[in-house]
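The values are calculated or read from the model by the stated rules, or taken from the named source; none is laboratory data. Computed from a predicted structure; not experimentally measured. With ideal geometry, Cβ positions are generated from the backbone for all residues, glycine too; neighbour counts draw on all protein chains shown. Only protein heavy atoms, including side chains, enter the accessible area calculation; ligands, DNA and RNA are left aside. Shrake-Rupley method; radii C 1.70, N 1.55, O 1.52, S 1.80 Å.
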Amino acid sequence: MQGFHVVALGGTLRPTSGTARALQVALDHAAAAGARTTLLTGEAIDFPNYDPAEAGSDARVTRFIDTIRSADALLIGSPGYHGTLSGLVKNALDHIELTRGDARVYLDGMPVGLIAMAAGWQASVSTLQALRGIVHALRGWPTPIGVAINSTEGDDAIATCAPQIAMMMDQIAGFLRR
């Protein structure tokens, strides 16, 4: 991943978010392979609800969109709230609409790794599937491997999934080398 910029977005407003920790594990893998990394979580993606008429005037949104524009690959992580992604993550993704007039519209042609973390397999897998559908709608290329993490498996749940996270990151690296 030498020379590439990998951006991760997601998590919750809690500084100790499990989803943010899982995204950091993925970013650490990318950094070890020579990528420049950026983690956008919590306050960095806490925007007003997406409003096409107003979204471009918020400096935080502008920084977020500039970071997305600079990305070669994206990671999206969400907690599973009632079987789907959080409103915080969905709202951030909605703001990617501001790239509709760019040379690279939305996430067109970009590899995207997905991580979903929830209290149970049903919620984590359904959240992962929802993220996959959104990435397709944004013209991104979700990696074949997505990572569903069951937080009820205890403090080691993220460490247990580290091999899958590494495999997902290797798939992103392979895509970028093409």
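Remarks
- DSSP beta bridges in the chain [antiparallel fraction, %, rounded to 5]: 5 percent
- Check: the chain dipole with +1 on Lys, Arg Cβ and -1 on Asp, Glu Cβ, in debye: 380 debye
- Computed from the C-beta positions of R178 and D156, the FRET efficiency with R₀ = 41 Å rounds to 0.75.
- Three semi-axes describe the equivalent ellipsoid of region 48-178; taken as square roots of 5 times the Cα gyration tensor eigenvalues and ordered largest first, they are 26, 19, 11 Å.
- Shape parameters for region 46-94, alpha-carbon atoms, Rg then Dmax in Å: 11.9, 32
- Charged neighbours of L131, selected by a Cβ distance under 14 Å, balance to +1 (K, R count +1; D, E count -1).
- Rg/Rh ratio calculated on Cα atoms of region 1-122 (Kirkwood radius): 0.96
- Per residue, the convex hull around the alpha carbon atoms of region 127-169 comes to 65 Å³.
- The helix-only estimate of mean residue ellipticity at 222 nm for the chain, built from DSSP H runs of length n ≥ 4 each weighted as -39500 (n - 2.57), is -12500 deg cm²/dmol after division by the residue total.
- Accessible carbon and sulfur surface of the chain relative to its total accessible area, %, 1.4 Å: 53 percent
- Positive-end residue of F64, T19, A33, charge dipole of the chain with Cβ unit charges: A33
- Estimated at the nearest 10 Å², the accessible area of M117 is 20 Å² with a 1.4 Å probe.
- Diffusion constant of region 54-127 at 4 °C, which comes from Stokes-Einstein with the Kirkwood Cα-pair radius and 1.567 mPa s, µm²/s: 97 µm²/s
- Once backbone amide H atoms are built at 1.01 Å from N, G77 has L9, G10, G11, I115 as its partners under 5 Å, excluding neighbours fewer than 5 places away on the same chain.
- Separation between Cα centres of region 74-120 and region 128-178, rounded to whole Å: 12 Å
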